[in-house]
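S.K.: Sharing a structure here in structure tokens format.
FYI, it's all coordinate maths here, none of it is from the lab. Predicted, not measured: the structure shown is a model, and the values here were computed from it. Glycine gets a Cβ as well: all are built from the backbone with ideal geometry, and neighbour counts include every protein chain shown.
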Amino acid sequence: GAVVSQHPSRVICKSGTSVKIECRSLDFQATTMFWYRQFPKQSLMLMATSNEGSKATYEQGVEKDKFLINHASLTLSTLTVTSAHPEDSSFYICSARDPLGGDYNEQFFGPGTRLTVL
Amino acid sequence: GEDVEQSLFLSVREGDSSVINCTYTDSSSTYLYWYKQEPGAGLQLLTYIFSNMDMKQDQRLTVLLNKKDKHLSLRIADTQTGDSAIYFCAESRGTGRRALTFGSGTRLQVQP
């Protein structure tokens with residue numbers, strides 16, 4: 001199946017710094033990628049939909065100035081957590097849909113990025 | 001309340017069958033999925049079912065869908081210790097490039 005990578009897999013930063021997380025589709029082009037957030041022992045919550053060449057669509061309650069999304073190419077979307085605080089510590093997972101894939105809207109998930117803000 | 005609900009924990013013995021249940025609320029769900037997440041890892045698609053199907057079988061996995069009751073289940077036959085993980089059901093509404101709505105996940109523990 002298609003492969004989605006994320007970098008870094010783990011990051012620890014000081015409060016107030018910004019952190020960039022990359023999501024790449026390795027063997028397919030993805031016009032749409034999704035960013036999810038997962039708290040410990042909880043489900044994945046959709047943060048935003050990243051569209052190549054246009055602005056991201058954010059879910060209600062997600063601050064767009066806090067979580068900057070850039071989908072500059074068909075294989076790369078980035079999520080930047082600006083001025084990170086301890087409450088931003090979480091597991092961030094991206095997914096991408098292969099538009100040439102089946103009709104069942106299969107999404108391929110990255111391995112996730114664990115962010116710890118001290 | 002949540003759109004997709006699951007029980008939190010299931011413990012079975014190796015070799016037994018596991019049944020993980022899920023209920024959803026949106027009757028417009030088009031596809032329903034089961035994903036597996038191992039510790040510290042991303043999600044792996046196990047199987048999916050289209051909303052006009054009742055059952056789908058794929059090797060050790062059997063998915064049953066009761067659309068009237070909005071109930072989805074995943075049966076794992078001959079459960080192995082390697083099946084220990086968190087299992088998420090998810091739904092997709094409509095067609096196209098839509099995000100998935102996930103349940104809370106069921107932690108499956110397989111005892112040797």
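S.K.: Please verify whether region B:25-47 includes one or more residues that are on the phi < 0 side of the Ramachandran plot, more than 13 Å from chain A (Cβ to nearest Cβ) and either touching a Leu at 6+ places or on another chain (Cβ under 7 Å) or surrounded by 12 or more Cβ atoms within 10 Å (Cβ to Cβ) (or both).
M.R.: Checked region B:25-47: at least one residue is on the phi < 0 side of the Ramachandran plot, more than 13 Å from chain A (Cβ to nearest Cβ) and either touching a Leu at 6+ places or on another chain (Cβ under 7 Å) or surrounded by 12 or more Cβ atoms within 10 Å (Cβ to Cβ) (or both).
Residue-by-condition table, conditions (1) touching a residue at least 24 places away in the same chain (Cβ under 8 Å); (2) within 11 Å of chain B (Cβ to nearest Cβ):
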residue	(1), (2)
A:Ser15	yes, no
A:Ser50	yes, yes
A:Lys55	no, no
A:Asn70	no, no
A:Thr75	yes, no
A:Ala84	yes, no
A:Ser90	yes, no
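S.K.: Can you name every residue in region A:23-39 that is touching a residue at least 40 places away in the same chain (Cβ under 8 Å) and in a loop (DSSP other than H, G, I, E, B)?
M.R.: A:Leu26, A:Phe28, A:Gln29, A:Ala30, A:Thr31, A:Phe39
S.K.: Also, quick follow-up: Quick one: B:Arg107 ticks every box in (1) facing chain A (nearest Cβ under 10 Å); (2) part of a strand (DSSP E or B); (3) within 26 Å of A:Thr49 (Cβ to Cβ); (4) not hydroxyl-bearing (Ser, Thr, Tyr) except a single one, so which number is it?
M.R.: Of the numbered conditions (1) facing chain A (nearest Cβ under 10 Å); (2) part of a strand (DSSP E or B); (3) within 26 Å of A:Thr49 (Cβ to Cβ); (4) not hydroxyl-bearing (Ser, Thr, Tyr), the odd one out for B:Arg107 is (3).
S.K.: Please find, within region A:92-104, the residue that is farthest from the other protein chains (Cβ to nearest Cβ) out of those that are buried (at least 21 other Cβ atoms within 10 Å of the Cβ) and of a type outside the set (Gly, Ala, Ser).
M.R.: A:Tyr92
S.K.: Moving to a separate point now. Considering only residues that are more than 16 Å from B:Gln44 (Cβ to Cβ) and either within 14 Å of another protein chain (Cβ to nearest Cβ) or surrounded by 18 or more Cβ atoms within 10 Å (Cβ to Cβ) (or both), which ones fall in region B:71-102?
M.R.: B:Leu72, B:Thr79, B:Glu91, B:Ser92, B:Arg93, B:Gly94, B:Thr95, B:Gly96, B:Arg97, B:Arg98, B:Ala99, B:Thr101
S.K.: Please go through (1) farther than 16 Å from B:Val4 by Cα; (2) within 12 Å of chain A (Cβ to nearest Cβ) for B:Arg60 and return the number of the only condition it doesn't satisfy.
M.R.: Answer for B:Arg60: the failing condition is (2).
S.K.: On to the next question. Looking at this structure, is B:Glu5 in contact (Cβ under 8 Å) with a residue 12 or more places away in the chain, closer than 24 Å to A:Tyr36 by Cβ, touching an Asp or Glu at 6+ places or on another chain (Cβ under 7 Å) and not β-branched (Val, Ile, Thr)?
M.R.: No: the conditions fail for B:Glu5.
S.K.: Being more than 18 Å from B:Val4 (Cβ to Cβ) and not in a loop (DSSP other than H, G, I, E, B) is the filter here, so list the residues in region B:69-84 that pass it.
M.R.: Listed by number, the residues that qualify are B:Arg75, B:Ile76, B:Thr81, B:Gly82, B:Asp83.
S.K.: Let me ask another. Mind counting the residues in region A:40-58 that are under 13 Å from the mean Cα position of the chain (by Cα) and assigned to a loop (DSSP other than H, G, I, E, B)?
M.R.: Number satisfying all stated conditions: 1.
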